[in-house]
Amino acid sequence: MKTLKLFILLFSIGLLLSCNTQTKEKPIVVSTIGMIHSMVEEIAGNKVTAIGLMGPGIDPHLYKASAGDIKTLTEADLILYNGLHLESKLIDIFEKMSKKKPTKAVTSSIPKTNLLKPTEYDGFYDPHVWFDVSLWQLAAKEVFDALVSLDPKNKLTYELNHQDYQQKLANLDRWIQLEINTIPPNQRLLVTAHDAFGYFGKKYNIQVVGLQGISTTSEAGTKDIQHVTNIIIQNKVPTIFIESSVPVRQIEALKAAVNARGWNVEIGEELFTDAMGDSDTIEGTYIGMIKHNVKSIVFGLKK
Ligand SMILES: [Zn+2]
């Protein structure tokens, strides 16, 4: 009996040690928003320990690092973030981390001529580039390059996965345009909680209006609600949309204001804009969230 107990004890210690070394062997890659985390999972597969900092429903514009996040970032071997001022409260941390380890904005190689610079956004570029899939393909290339320099011995795996992912993104890009084309041109008007769809509108030819601005740091005022109410009534917009990472109350106030003036606007399916869905759902991947959004938009606007 004693020998058996000793055997079990030694076996368990051995198992623990092997698990421990296994995880330590893999580089740790920490991403801020889910859409970057999703790319890392696709391109790196099981070659890295991928950690996403911001889960479902989290607004990156307002996100502040917790003590736990600082620990996670300190332990990371590579940090990937969107940049373009999206994670505006984390900039100092990235600066500090970049002195110790590769810390990369995945949007850094997108040509400035492809970026939107809305006049009302204080001289900053619009950070929501993932809504133009062809621009997000450039971000995927950045992720691939960062993984190869971090872990050159697995270059072949990253290369094959990256090629495969680029193909999927190219297919997604074409599919979105075909779907949007099914909405009659005079009904292509997308009203959402905040201005996340600028790149989407430009690329896929649909007019977009956000109730709040590019960032969610300031709420919409009565004037904004009145302005968007007018647009909805003039264009007989059938459906407006809430977003998973923005509180619903302002879109509900907008609906009430429109209804009060005799036009019955509906609230459509929840869209995933700055955060993805739950990790065990299709919307918990970048491609899944985009498909969900496009289907919901087409369904809502064709009414
Ligand atoms: Zn946003």
Scan of the stretch 114-170 for residues that are over 26 Å from PHE200 (Cβ atoms) and among the acidic types (Asp, Glu), ordered by number: ASP151, GLU159
Answer from GLY201, GLY213 - the residue that is without any contact (Cβ under 8 Å) to a residue 40 or more places away in the chain and among the small types (Gly, Ala, Ser): GLY201
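Return yes or no: is THR192 in contact with a His (Cβ under 8 Å, 6 or more places away or on another chain) and open to solvent by less than 50 Å² (accessible area, probe 1.4 Å)? First the steps, then the outcome.
Values: in contact with a His (Cβ under 8 Å, 6 or more places away or on another chain): no; open to solvent by less than 50 Å² (accessible area, probe 1.4 Å): yes.
No, not satisfied.
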Checking ILE232 against (1) more than 16 Å from the ligand (Cβ to nearest atom); (2) surrounded by fewer than 16 Cβ atoms within 10 Å (Cβ to Cβ), the condition it does not meet: (2)
Count of residues meeting criterion [more than 16 Å from the ligand (Cβ to nearest atom), over 18 Å from the mean Cα position of the chain (by Cα) and among the β-branched types (Val, Ile, Thr)] in the stretch 170-214: 4
Of the criteria (1) away from the ligand (no atom under 14 Å from the Cβ); (2) open to solvent by less than 40 Å² (accessible area, probe 1.4 Å); (3) in contact with a helix residue (DSSP H, G or I) (Cβ under 6 Å, 6 or more places away or on another chain), which one SER109 fails: (2)
Wholly enclosed helices (runs of 4 or more DSSP H) of the stretch 33-105 bearing at least 2 residues under 14 Å from ALA146 (Cα atoms) and within 16 Å of the ligand (Cβ to nearest atom): none
Which listed residue is open to solvent by 10 Å² or more (accessible area, probe 1.4 Å), at positive phi and of a type in the set (Asp, Glu), from ASP132, ASP122, ASP92, ASP77: ASP122
Qualifying residue in the stretch 139-147 (condition: of a type in the set (Asp, Glu), part of a helix (DSSP H, G or I) and crowded, with 17+ Cβ neighbours inside 10 Å): yes
Residue within the stretch 244-262 that is among the acidic types (Asp, Glu), open to solvent by 20 Å² or more (accessible area, probe 1.4 Å) and more than 28 Å from TYR121 (Cα to Cα) present: no
Which listed residue, of PHE94, PHE124, is over 29 Å from ASN235 (Cα atoms), out of contact with any Pro (no Cβ under 8 Å at 6 or more places or on another chain), assigned by TED's automatic domain parsing to the domain that holds GLU41 and at pLDDT below 95: PHE124
Any hit, the stretch 112-129, residues being within 13 Å of ALA44 (Cα to Cα) and of a type in the set (Phe, Trp, Tyr): no
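For the stretch 214-229, name all the residues that are more than 14 Å from PHE131 (Cβ to Cβ) and buried (at least 19 other Cβ atoms within 10 Å of the Cβ).
Those that are more than 14 Å from PHE131 (Cβ to Cβ) and buried (at least 19 other Cβ atoms within 10 Å of the Cβ): SER215, THR216, ALA220, VAL228, THR229.
The values are calculated or read from the model by the stated rules, or taken from the named source; none is laboratory data. None of the values given here were measured: they were computed from a predicted structure. Ideal geometry is used to build each Cβ from the backbone, glycine not excepted, and the neighbour counts take in all protein chains shown. Keep in mind that these areas ignore ligands, DNA and RNA; they rest on the heavy atoms of the full protein, side chains included. Shrake-Rupley method; radii C 1.70, N 1.55, O 1.52, S 1.80 Å.
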